[in-house]
Amino acid sequence: MSVLENLQPQKVFHYFEEICNIPHGSRNTKQISDYLVQFAKDHNLTYYQDDLNNVIILKDATAGYENSEPIIIQGHMDMVCEKENDCDIDFEKDGIRLMIDGDFVTADQTTLGGDDGIAVAYALAILDSDDIPHPALEIVITVDEEIGMLGAFNMDLSMLKGHKMLNIDSDVEGHFLTSCAGGMSLIADIPVKRTTQVGLATEITLTGLVGGHSGSEIDKEHGNADILMGRVFSTLAEVTPFGVIDMAGGLKDNAIPRECRATILLPEENINAVTDTLRTLETALKNEYIKSDAGLRILVNPIGIQKADILDYASVNRVLCYLRMVPNGVLHMSQIMSGLVETSLNLGILELKENSLHTVTSIRSSVSSRKEEVKERVAMVVELLGGEITIEGDYPAWEYKDQSDVRTEIAAVYKDLFGKEPIFEAIHAGLECGIFSEKIKNLDCVSFGPNNYDIHTPKERLSISSTERMWKLILEFLKRA
């Protein structure tokens, strides 16, 4: 049964619901990619699908627009898959459960994927229509944007003829983006060794944090559960010897970790001191994050006496040193645009494997030399601890253009439709516009979208009324093109 069938614009929400019914997390895009190809076949449209699952769909101009320049409409098909701990959805094979809450479409205990399913839904609704006037359309839907823009980076765009692009991948209505930071994913592996001991196995969970997008919300200074687990370990070291059995926190490098769990082994007689000490630390952290993460909690759960393989003393120190020394969060604010984050990083994934501490960090900067400088800082910490780094998804910044016809045209449409001036701004989060600008000579583009809140978290919600307004904006832009 359709949940969104009565919402307007009807075709947009019809296709959004179909997308939500198909698993489409990063690196799991074959099914959604094939769905887009089948759509193109069903509508007799020219399409291209590459080995990575990127899809391009072309549609001829409608009558009267044959001589107009083609318009590229661009978004990505993958979503960030985050869920609450008690959610039974398997993102590898399940769709998400949609709900309506007033003016919002949201999902039951998971991320919604409005970032960036709504762009795909807009595009399909336009392609499905016979009565929307438009120039030739070149719909470009990429994969794996959320894990380093891998699809865009490796995509062949030689068949495209357009030089005007609408990137529908932002989340504040009326705010049009004109430049963004570049970034990369830094993967670190620090060697550890284990020894076998007997003690009280105890699970420690740092939870209740808000999390959020590591680009657009890094300036809110939400607590990073992975980094804060370093505080937990440092505090524990003052009251008891302990060994680490396992540890894991965060699911995506571009999502601020909301929770980190560790299982440690300690002398049974010290459990009360550990509980009291962590209760005191919890109080201190709640005070430090009183506005940004009021729900922060440190849970202590004794499991029982057991024999376990734990990190040896030197390895515990290496883990502790890394979590306490590695930079994280906002490092520099822009000296050109007031209030804009220039350089930041987010330790998004932490996993203690059998022989290594494995982490993935998202690094962002609108200044390429500072992006490299941050990489070198993290690499130095890792290498001092005997580890190695690997770089993935290194993408360029999208530089601001002084002259932009697309910016001028969409500003006029927005003002005429809604009676107010649009806001043009830069963003610290990454967008694929920078990669496309390198691939397409003289590309003129702008990024926008409907109101979508708390993206990359299970609280994500997409405004229904804003989705309709941005639909009208797109149609009017195409009509005037």
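The values are calculated or read from the model by the stated rules, or taken from the named source; none is laboratory data. Here the structure is a predicted model, which is why all the values come from computation and not from measurement. Don't worry about glycine lacking a Cβ; one is built from the backbone with ideal geometry, like all the others, and counts go over all protein chains shown. Areas reflect the complete protein model, heavy atoms only, side chains present, ligands, DNA and RNA absent. Shrake-Rupley method; radii C 1.70, N 1.55, O 1.52, S 1.80 Å.
For region 149-170, what are the residues that are open to solvent by 10 Å² or more (accessible area, probe 1.4 Å) and among the small types (G, A, S)?
S158, S170 - these are the residues of region 149-170 that are open to solvent by 10 Å² or more (accessible area, probe 1.4 Å) and among the small types (G, A, S).
Restricting to region 411-439, name every residue that is more than 17 Å from E145 (Cβ to Cβ), modelled with pLDDT of 95 or more and open to solvent by less than 60 Å² (accessible area, probe 1.4 Å).
Hits for region 411-439 are A411, A412, V413, Y414, F418, P422.
Here is a list of conditions, (1) buried (at least 17 other Cβ atoms within 10 Å of the Cβ); (2) more than 17 Å from the chain's Cα centre (by Cα), and P458 meets all of them except one; can you say which number that is?
(2)
Of all residues in region 336-375, which are of a type in the set (V, I, T) and surrounded by fewer than 19 Cβ atoms within 10 Å (Cβ to Cβ)? Before the answer, list the steps.
Step one: list which residues in region 336-375 are of a type in the set (V, I, T), which gives 336, 341, 343, 349, 359-361, 363, 367, 374.
The answer is I336, V367.
Which residue out of L251, L299, L278 is open to solvent by less than 40 Å² (accessible area, probe 1.4 Å) and either in contact with a Cys (Cβ under 8 Å, 6 or more places away or on another chain) or of a type outside the set (F, W, Y) (or both)? Lay out the reasoning, then the answer.
Working: L251 fails: open to solvent by less than 40 Å² (accessible area, probe 1.4 Å); L299 fails: open to solvent by less than 40 Å² (accessible area, probe 1.4 Å).
Exactly one of L251, L299, L278 is open to solvent by less than 40 Å² (accessible area, probe 1.4 Å) and either in contact with a Cys (Cβ under 8 Å, 6 or more places away or on another chain) or of a type outside the set (F, W, Y) (or both), namely L278.
Mind checking which residues of region 358-388 are small (G, A, S), under 18 Å from D253 (Cα atoms) and more than 20 Å from the chain's Cα centre (by Cα)?
A379, the sole residue that qualifies.
For region 241-279, how many residues meet the condition of being part of a helix (DSSP H, G or I), touching a residue at least 24 places away in the same chain (Cβ under 8 Å) and more than 15 Å from A225 (Cβ to Cβ)? Please lay out each step first, then the result.
Taking region 241-279 first, the residues part of a helix (DSSP H, G or I) are 268-279.
Restricting the remaining residues to those that are touching a residue at least 24 places away in the same chain (Cβ under 8 Å) gives 268, 270-271, 273-275, 277-278.
In the following step, the residues that additionally are more than 15 Å from A225 (Cβ to Cβ) were identified as 268, 270-271, 273-275, 277.
Within region 241-279, residues that are part of a helix (DSSP H, G or I), touching a residue at least 24 places away in the same chain (Cβ under 8 Å) and more than 15 Å from A225 (Cβ to Cβ) number 7.
Considering only residues that are within 30 Å of G148 (Cα to Cα) and of a type in the set (D, E), which ones fall in region 55-79? Talk me through it step by step, then tell me what you get.
From region 55-79, those within 30 Å of G148 (Cα to Cα) are 55-59, 70-79; that's our starting set.
Hit for region 55-79 is D78, nothing else.
Considering only residues of region 280-291 that are in a helix (DSSP H, G or I) and within 31 Å of the chain's Cα centre (by Cα), which is nearest to F233 (Cα to Cα)?
Just the residues of region 280-291 that are in a helix (DSSP H, G or I), to begin with: 280-288.
Keeping just the survivors that are within 31 Å of the chain's Cα centre (by Cα) gives 281-288.
Values: L281: 11, E282: 13, T283: 16, A284: 15, L285: 14, K286: 17, N287: 19, E288: 18 Å.
For region 280-291, the residue satisfying everything is L281.
Taking region 1-30 as the search range and keeping residues that are among the hydroxyl-bearing types (S, T, Y) and at pLDDT 95 or above, which one is farthest from K83 (Cα to Cα)?
Start the filter on region 1-30 by keeping residues that are among the hydroxyl-bearing types (S, T, Y), which leaves 2, 15, 26, 29.
Then keep just the ones that are at pLDDT 95 or above; that gives 15, 26, 29.
Working: Y15: 23, S26: 15, T29: 19 Å.
Among those that are among the hydroxyl-bearing types (S, T, Y) and at pLDDT 95 or above, it is Y15.
Filter the strands (runs of 3 or more DSSP E) completely within region 1-119 down to those with at least 2 residues that are buried (at least 22 other Cβ atoms within 10 Å of the Cβ), within 19 Å of the chain's Cα centre (by Cα) and not β-branched (V, I, T). Let's see the steps before the verdict.
Numbers: elements: 46-49, 55-59, 71-76, 98-101, 104-107.
Output list reads 71-76.
Only residues in region 26-43 that are under 16 Å from I147 (Cβ atoms) count as the first member; pair them with residues that are polar (S, T, N, Q) and open to solvent by less than 10 Å² (accessible area, probe 1.4 Å), Cβ under 9 angstrom, at least 6 apart or cross-chain, and list the lot.
So the pair list comes out as T29/N54; S33/N54.
Count, please, the residues in region 199-223 that happen to be more than 22 Å from E392 (Cα to Cα), open to solvent by less than 10 Å² (accessible area, probe 1.4 Å) and not in a strand (DSSP E or B).
Of the residues in that region, 2 qualify.
Any idea which of T408, T390 is surrounded by fewer than 17 Cβ atoms within 10 Å (Cβ to Cβ), touching a residue at least 40 places away in the same chain (Cβ under 8 Å) and among the hydroxyl-bearing types (S, T, Y)? Let's see the steps before the verdict.
Working: T408 fails: touching a residue at least 40 places away in the same chain (Cβ under 8 Å).
After applying the criteria, what remains is T390.
Would you check if A294 is open to solvent by 30 Å² or more (accessible area, probe 1.4 Å), farther than 25 Å from I245 by Cα, free of Cβ contacts under 8 Å to residues at least 60 places away in the same chain and more than 22 Å from the chain's Cα centre (by Cα)?
Numbers: open to solvent by 30 Å² or more (accessible area, probe 1.4 Å): yes; farther than 25 Å from I245 by Cα: yes; free of Cβ contacts under 8 Å to residues at least 60 places away in the same chain: yes; more than 22 Å from the chain's Cα centre (by Cα): yes.
Yes: the conditions hold for A294.
Say we look at region 306-335 and pick out the residues that are touching a Phe, Trp or Tyr at 6+ places or on another chain (Cβ under 9 Å) and not in a strand (DSSP E or B); which of these is most open to solvent (accessible area, probe 1.4 Å)?
Let us first name the residues in region 306-335 that are touching a Phe, Trp or Tyr at 6+ places or on another chain (Cβ under 9 Å), namely 310, 316, 319-320, 323-324.
Those left that are additionally not in a strand (DSSP E or B): 316, 319-320, 323-324.
Values: V316: 16, V319: 4, L320: 32, L323: 5, R324: 121 Å².
Filtering region 306-335 for residues that are touching a Phe, Trp or Tyr at 6+ places or on another chain (Cβ under 9 Å) and not in a strand (DSSP E or B), the one most open to solvent (accessible area, probe 1.4 Å) comes out as R324.
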